[in-house]
Each structure stands twice: as C-alpha cells, then as structure tokens.
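Worksheet: the structure to be examined is printed underneath.
Each value in this text was obtained by applying a stated rule to the coordinates, not by laboratory testing. This is a predicted model, so every value here is computed, not measured. Every residue, glycine among them, receives a Cβ derived from its backbone with ideal geometry; neighbour counts consider all protein chains shown.
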C-alpha cells in the first residue's frame, strides 16, 4: 500500500510532516496533558522532534508506517498527527491532537479519512486501535468512526508519563466483510 501523501478534508489537511513543522509539533508534544496517555515521554527539545520527523519519512518510504500531520487550513498550523501501520491483512491507527483543538471534531475527521482509505485497500480486512482504559476522549473518537470495543488488553502498554508499570488498554476494531 502506498497511500496519498496529501488528503484534503473540510477544515484540515493531512500531509507528511516536514522540518518546518517542528515548532508546532513541539508545542503539543511537550504538553503533559497531550502526551499523558502516549507510549513516549513528554518531548523536552526540538532536536527529538526533528529526528522523529526524519524517522517518519524513512518509515513512509519503507512502507512500515504512514504518518500525516493535521494542518488547520485557515491558519496553516500543525495541530496534531495521525498514523497507520500495516501488518499483513490488518492496519493499526493512532492519533494525537494539540489540546487547544480538542472537542472540535478534528481527530474524528482525520481518523474517518484514514479509515475510508484503508477500507478501499485490497488485502486490508481489519483496522484496529488501542487506547488507555482511562482515555475516555479517545474511546469516543474510536466509537464515532465506527469501531467497536473488543475487550481489554491487560498490562498492555507502558505510559511513561503516568507510570513505568504496564497499563490496561481497550482494543477497538472494525472489519471489512
């Protein structure tokens, strides 16, 4: 699969990140509230963001993971990111959004677009995502895009901004019949 690099939506544009986006990404990547449920530590310097942008480009070229930033069309500001990785017949998605843009439907809009893209892809039959069991906002997004909760993955992921002990996560999925 080689997805489109640009996806234009109603209020946001999805595109791969570039070095010029580092400041905007750092704004939310260094925010403890935004990074709270992530599996990486709060960002503390721009260099880690720039390296991450380079790594995401390498992963895209290799076909391992596809990552887009969410660009607010009216301000041209990067307000979040969404990724998908494909393993055989299944695709995993994940997303993150600057807290200044929470509760405006942007994560849902971006996730729906990626889901539609994946459902059109031959050979992809399962789309899935996980979220910490306390991350109710992420649960709502996954349900809004049509995913169903399958269960709880016990001691699934370390959330280093919360604890070094693995935490339970909900697993959500959608399947193509």
Checklist entry - Which whole-number percent gives the relative contact order of the range 1-83, counting Cα pairs below 8 Å spaced six or more residues apart? => result 35 percent
Item to check | Relative contact order of the chain, pairs being alpha-carbon contacts under 8 Å that are 6 or more residues apart, as % | outcome: 21 percent
Next on the checklist: What distance in nm lies between label points placed 7 Å from Cα along the C-beta direction at residue 136 and residue 9?
Outcome noted: 2.3 nm
Item to check | Relative packing of peptides 110-120, 30-40 - highest average C-beta neighbours within 10 Å first | outcome: 110-120, 30-40
Checklist outcome for this item: The simple spin-label model distance between residue 31 and residue 87, using points 7 Å out along Cα→Cβ, in nm, is 3.0 nm
Checklist entry - To the nearest 0.05, how large is the calculated FRET efficiency for residue 19 and residue 41 if R₀ is 22 Å and r is the Cβ-Cβ distance? => result 0.50
Next on the checklist: Just to verify a number: FRET efficiency for residue 154 and residue 122, C-beta to C-beta distance, R0 = 45 Å, to 0.05?
Outcome noted: 0.85
Checklist entry - Counting every Cα pair in the chain, what percent are over 19 Å apart? => result 57 percent
Checklist entry - Which of rounded, prolate, oblate describes the range 54-151, given a ≥ b ≥ c as roots of the alpha-carbon gyration tensor eigenvalues and a/c under 1.5 marking rounded, otherwise prolate only if a/b is larger than b/c? => result oblate
Next on the checklist: Given a Förster distance of 22 Å, report the FRET efficiency between residue 176 and residue 73 from their Cβ-Cβ distance, rounded to the nearest 0.05.
Outcome noted: 0.15
